[in-house]
Amino acid sequence: MMGELGFVGGAYDEYEGCKMAFAFSGADSEEDLVVAKYGIERMKGYISNKQEPAPATAYKPLPTPLKKEQFIQVTIIVDDIQRAAKAWAALLGVPEPEIWTNHLKGNVENPYTYRGKDIPCDLQMCVFEMGSWVLELHQIDDTPSTFREFQNKHGNGVHHLGFEVGDDRDVVIAELKAMGFDTERTIGVYPGSSWTIVDTEDVLGVNLNIKPKR
């Protein structure tokens, strides 16, 4: 695709019923085209990861419903965790929490996957104790992850709500999958427990984090 000044910086493609046009300006024509094509490939990946919405009949009460007393976590994505932590501490009237870096990487005993792939990433985080639940702030790097995917799509905001379901973990995951939700957006295992991010944001407005034990 050629622009009005004669430079080539755009690319067009069709994929799974979508018509996509990407343009980039800032380098020479050849490099602009490379970036535009990269944008198209990234969008294809996003489209292929989206599932068809479940029919209304699928939203029947779960045999093993999530209980309010199992609610343990709200996780918010921010772009400046130090500023956000100061603001939350002032708002809640509590000391600023410690901020640390969590390196998410799997191994044979404790796998970690994002969209079925082992892609390590670094996550700055801090925790506010809120009684029976915690408020977590996350600042993510640019590596592909459930958190980067969320921020690229929505900006800052609530990434997930966490629930501690004990021995019902596998049953709850199976029932959520039967409802049509992608239950493999992220799976992380650590000594004594695990966390599974279920891709529910398009329906519930937020993702779910299902843990057997916090």
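Values as computed for the structure displayed
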{"read-out": "Residue within segment 104-115 that is free of Cβ contacts under 8 Å to residues at least 40 places away in the same chain, open to solvent by less than 100 Å² (accessible area, probe 1.4 Å) and not small (G, A, S) present", "value": "yes"}
{"read-out": "Matching residues in segment 5-37 - criterion: being open to solvent by 60 Å² or more (accessible area, probe 1.4 Å) and among the charged types (D, E, K, R)", "value": "E14, E16, K19, D28, E30, E31, K37"}
{"read-out": "Exclusive hit being open to solvent by 90 Å² or more (accessible area, probe 1.4 Å), of a type in the set (D, E), assigned to a helix (DSSP H, G or I) and at pLDDT 95 or above, set E96, E69", "value": "E69"}
{"read-out": "Meets criteria (closer than 29 Å to K67 by Cβ, of a type outside the set (A, V, I, L, M, F, W, C) and either touching a helix residue (DSSP H, G or I) at 6+ places or on another chain (Cβ under 6 Å) or in a loop (DSSP other than H, G, I, E, B) (or both)) for H138", "value": "yes"}
{"read-out": "Residue check, R83 of a type outside the set (G, A, S), closer than 30 Å to S194 by Cα and at pLDDT below 75", "value": "no"}
{"read-out": "Lone qualifier among P120, P61 - being within 17 Å of W195 (Cα to Cα), open to solvent by 30 Å² or more (accessible area, probe 1.4 Å) and either modelled with pLDDT of 95 or more or more than 13 Å from the chain's Cα centre (by Cα) (or both)", "value": "P120"}
{"read-out": "Pair list, Cβ under 7 Å, 6 or more apart: segment 161-174 residue at negative phi, other residue in a helix (DSSP H, G or I)", "value": "F163/Q70; E164/Q70; V165/Q70; V165/V172"}
{"read-out": "Count of segment 203-214 residues which are closer than 23 Å to G106 by Cβ and surrounded by fewer than 19 Cβ atoms within 10 Å (Cβ to Cβ)", "value": "3"}
{"read-out": "Qualifying residue in segment 193-202 (condition: among the hydroxyl-bearing types (S, T, Y), within 27 Å of I81 (Cβ to Cβ) and either more than 14 Å from the chain's Cα centre (by Cα) or open to solvent by 20 Å² or more (accessible area, probe 1.4 Å) (or both))", "value": "yes"}
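The values are calculated or read from the model by the stated rules, or taken from the named source; none is laboratory data. Note that this is a predicted model, so its numbers are computed, not measured. Counting neighbours? That spans all protein chains shown, and the Cβs are built from the backbone with ideal geometry, glycine included. Calculation scope for accessible area: heavy atoms of the full protein, side chains included, ligands and nucleic acids excluded. Shrake-Rupley method; radii C 1.70, N 1.55, O 1.52, S 1.80 Å.
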